[in-house]
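Engineer: Next up is a structure, given as structure tokens.
The values are calculated or read from the model by the stated rules, or taken from the named source; none is laboratory data. For clarity, every value in this text was computed on a predicted model and none was experimentally measured. Glycine gets a Cβ as well: all are built from the backbone with ideal geometry, and neighbour counts include every protein chain shown. Remember, those area values only see protein heavy atoms, side chains included, never the ligands or the DNA or RNA. Shrake-Rupley method; radii C 1.70, N 1.55, O 1.52, S 1.80 Å.
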Amino acid sequence: MRDRLNDVLLSFIFFKTRHPNLVMSLLMFLIIPVASSLILGYEMRTDVASRIPTVVINNDNSDFSRTFLDYVNESETFDIISYVDNYEEAEDMMFHDKAFAAVVIPENFYSDLQNGKSPVILTLFDGAQMSVVTYSKNAMTEILMTLKAAYMMNIFEGKQSVVPEQVMHQVMPITTVTRLLYSPTRSLRNFLLPGMLAGIVQVALAISGAEAGFKKQKTRIPFYMHSLPILHWSIVGTASMLLTLGVQWWLFGMPHRGDMPGFVIFTFLYSLTIVGLGYCIGSIFPDRAFCSQASCILVLPTTILGGYTWPLIAMPPAIQAVARCLPFTYYGDTVRNVFFKPLQFHHMADEMFFMVKFFVIELVLLALIKLWKQGLHGSRVTALNGSAGADTKAAGVGTAENDKTEVMQS
Amino acid sequence: MTQQPFSKLGFVDKLLIVKPYLIVFFIPILFTLLFGYVMGPVYVQGVPFAIYDMDNSETSRSVVDSFYDCPTFKITQDYETTDQLEEALLQSDIYGAVIIPEGFGNDIQNKRGAEATVLVDGTNFQISNNLQQFATTIFTMAGASIQMKYLEAGEMTPKQASDSVLSLNIVSRNVYNPGLGYIYYLMPGLLGIFIQQSYLAVAPNAVIETKRSIRKMLMLSDTEKIRGSVASLTEQLLAFAGLSTISYLLSILILHYSYGFPLNGSLGLILLLQFVFIIDIAAMSIVIGTIFEMGVHVVQFTMFLTVPSILTCGFGWPEFMMTKLFAVIVKSVWPLYYYVIPLRNLLLKDADFSVIQSYIFGGIIFGAVWMVIGCFLFYNKVNMLRKLNIALDD
């Protein structure tokens, strides 16, 4: 059995060593992004914060307070895990991450309410767990507002003798109908995953660009030939992006409401810009690993700098200006919108135009890099010709060949 | 080939030798400075928000004024039809809108109950929650003031009316991060990622180099040199660990002094956490460095770990929301869980050992198990490669 396992491992190592680039390409464009999409989709399939461990201090213990707590416990959002006697115990549970929310009902709550003394319910949220707090605060407010409306109806009907037909208008003089457009469930998964998965694929795009740029760094080819590997990896990257995001749609029910052909073109343009960026980096530095590192360091922070999680409008003006020059700023926003908003082709036109401009700038930059590299190469040839031309001729070895070797070594 | 002394090497050669140490030391500091600055404003304010007031009565204008007074909103009243509003929402020109219909003020005046519509773009969780919360507060306040007028008109004293309206109110307190600042919430997680990624950028490469040299020595059966090679790898990993720890402490200080991040927790516990995490990540470096043959491929692979590791470690998506099996798997295959969550608890909550002990012990067990697995894999891999006689040079 062990020998058999060893044989399999040996064959795998042998294959991996013979075809390292194929294995890495499969890993980068297929296995890692798709596996990440599956894992993260499975992890976040509940969509929103639910069953938040909640601790209660009920110092009142009236029917009214128990009814209120029943409402809280029956909601999907909260799970009352413990009733404690004092504030310190509740805080201790939050301190030890056993509870993330607490409800404190004061003594004589109901009798104070009846006597018109305006008692107050205190709620505590663990601010360190912000993704939970922002959701649970809204849920708690909704529960309490429902209860308050019922209470105010009693006041108006009992003390003010308002007829039942009118009472609702006086209890709620202003009714606000809140429509959460496009993602009504406030899904954390919908908020996070599209852009984060795109962030994973963009690492593959940048690396493949850097690798291609590095390989062509020392070869002399017409300029237009440089566009071929960029095109090649952009197509592969587009397919990988669509497959990775498609997993969310096929398996985890994420909607896609926008114009898909438009999104495919947009994804391709985005892939061009990131592969192009990697290609430029790969054309500059002599260290292959450093090319990959540098291109990744350039693109990885853009998942945050692009305003995907922390909004652009909240950033300092200088960072906003930088962010407006980053492809991910436009792609991250669009990838989320195309899933949830009925975006049409023309809605993406400005973003597409940005990608085209960005890519043209990259091509100009690449041309300059190549000219600069050729200049370096030329000066080295001249230097070599000057110092060792005679010797090499005598030895019957072409100077160009020597130059190539020298440049390769350098 | 004879090796030149360091002092006689050229600038580029010197740079290549010290590059790993520079990465481990500077990357966390530079990224802490950058992201601290990015999230420095702490709160989301000035969110583009439209108001479409079709009524333009005194009551509706007072509601509109409340929106103008709230710094969360950056109000525009440029839209004159609901279609225009919807298009602006679709284009993300605005993130929300309030529509006040005609007759709003009149309905309130005549106690018929008025209705206003709040539209919120729900795709951005951070923004939509903020908008909804503040819009609800503004309308609740406006409603309360109208209710008080109704009650006073119905023979209640102003005090009684106020008490009735303000009854059953919630007072909300956010403990440990009172203002719900995003920087306070996210930075411990990001710092963990910076430390992890900078270490992974260099340590697995050192393992690969050692693997390569040991393989050659095995062919020569030179056990003395093999021991030396392993000792050299250990020294390198320790040097990375030392630099990483200094960088980690400096990053925390930068966060505190430059961006007002709370600096709680004892230094001993902060260091203990780092110590355990470095053992864990060193073990993972040995595993990764053993699996891969080429340094460049390790660099590429480790870059992919950034996003999945932070999203699965229970930092943003808490453990209680995961299935039990998933949580067990996450805690068994990657150590970030044992680092970023207790780090957040230390820095924000001033946690003591009792709070973080489960993470510390979990991290120690993780490190011990994976270190054994790593060493076992390393030993087997070197033997296998010797059998295969594969050239490993990049």
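Engineer: So the check is Cβ under 8 Å with 6+ separation or different chains; which pairs have a first residue in segment B:233-247 that's within 10 Å of residue B:274 (Cα to Cα) and a second one that's among the β-branched types (Val, Ile, Thr)?
Structural biologist: So the pair list comes out as B:241/B:278; B:244/B:24; B:244/B:195; B:244/B:278; B:245/B:278.
Engineer: Please specify each residue of segment A:309-326 satisfying the condition of being open to solvent by 10 Å² or more (accessible area, probe 1.4 Å), part of a helix (DSSP H, G or I) and either facing chain B (nearest Cβ under 7 Å) or of a type outside the set (A, V, I, L, M) (or both).
Structural biologist: A:313, A:317, A:319, A:320
Engineer: Return the pairs, sorted by first residue and then second, in which the second residue is small (Gly, Ala, Ser), the first residue lies in segment A:293-316 and is at positive phi, the beta carbons are less than 9 Å apart, and the residues are 6+ apart or on different chains.
Structural biologist: That search, which allows pairs on different chains as well, returns A:307/A:314; A:307/A:323; A:307/A:332.
Engineer: Right, next: Report whether or not residue A:279 is at pLDDT 95 or above, open to solvent by less than 10 Å² (accessible area, probe 1.4 Å) and farther than 23 Å from residue A:21 by Cβ.
Structural biologist: Answer is no for this residue.
Engineer: So, in segment B:203-217, exactly how many residues are open to solvent by 10 Å² or more (accessible area, probe 1.4 Å) and under 27 Å from the mean Cα position of the chain (by Cα)?
Structural biologist: Residues flagged as open to solvent by 10 Å² or more (accessible area, probe 1.4 Å) and under 27 Å from the mean Cα position of the chain (by Cα) within segment B:203-217 amount to 1.
Engineer: Of the conditions (1) assigned to a helix (DSSP H, G or I); (2) at pLDDT below 70; (3) at the interface with another protein chain (Cβ under 8 Å from one of its Cβ atoms), residue A:167 clears all except one; give me its number.
Structural biologist: Evaluating residue A:167 over (1) assigned to a helix (DSSP H, G or I); (2) at pLDDT below 70; (3) at the interface with another protein chain (Cβ under 8 Å from one of its Cβ atoms) leaves (3) as the failure.
Engineer: Next up: I'd like the full set of residues that are in a helix (DSSP H, G or I), facing another protein chain (nearest Cβ under 8 Å) and touching a residue at least 24 places away in the same chain (Cβ under 8 Å), limited to segment B:28-47.
Structural biologist: Within segment B:28-47, B:31, B:35, B:37 meet the criteria.
Engineer: Give the residue that is nearest to residue A:131 (Cα to Cα), with candidates limited to residues of segment B:105-149 that are more than 44 Å from the chain's Cα centre (by Cα) and part of a loop (DSSP other than H, G, I, E, B).
Structural biologist: B:113
Engineer: If you take the residues in segment A:327-358 that are open to solvent by 40 Å² or more (accessible area, probe 1.4 Å) and in contact with a Leu (Cβ under 8 Å, 6 or more places away or on another chain), which one is farthest from residue B:86 (Cα to Cα)?
Structural biologist: Within segment A:327-358, the match that is farthest from residue B:86 (Cα to Cα) is A:356.
Engineer: Would you mention how many residues in segment B:31-54 are among the polar types (S, T, N, Q) and under 23 Å from residue B:196 (Cα atoms)?
Structural biologist: Within segment B:31-54, residues that are among the polar types (S, T, N, Q) and under 23 Å from residue B:196 (Cα atoms) number 1.
Engineer: Could we say that residue A:231 is more than 16 Å from the chain's Cα centre (by Cα), of a type outside the set (S, T, N, Q), open to solvent by 10 Å² or more (accessible area, probe 1.4 Å) and within 24 Å of residue B:310 (Cα to Cα) here?
Structural biologist: Taking the combined requirement at face value, the residue does not satisfy it.
Engineer: Based on what the data block shows, is residue B:260 assigned by TED's automatic domain parsing to the domain that holds residue B:375, at positive phi and open to solvent by 20 Å² or more (accessible area, probe 1.4 Å)?
Structural biologist: yes
Engineer: Go through (1) touching a residue at least 24 places away in the same chain (Cβ under 8 Å); (2) within 10 Å of chain A (Cβ to nearest Cβ); (3) of a type in the set (A, V, I, L, M); (4) part of a helix (DSSP H, G or I) one by one and return the number of the condition residue B:351 breaks.
Structural biologist: Residue B:351 satisfies every listed condition except (4).
Engineer: Right, another one. Tally the residues that are farther than 26 Å from residue B:249 by Cβ, open to solvent by 20 Å² or more (accessible area, probe 1.4 Å) and modelled with pLDDT of 90 or more, restricting the search to segment B:25-52.
Structural biologist: Residues that pass the stated criteria total 2.
Engineer: Among the residues of segment B:170-209, write down those that are more than 8 Å from every other protein chain (Cβ to nearest Cβ) and under 21 Å from residue A:96 (Cβ atoms).
Structural biologist: B:188, B:189, B:192, listed by residue number.
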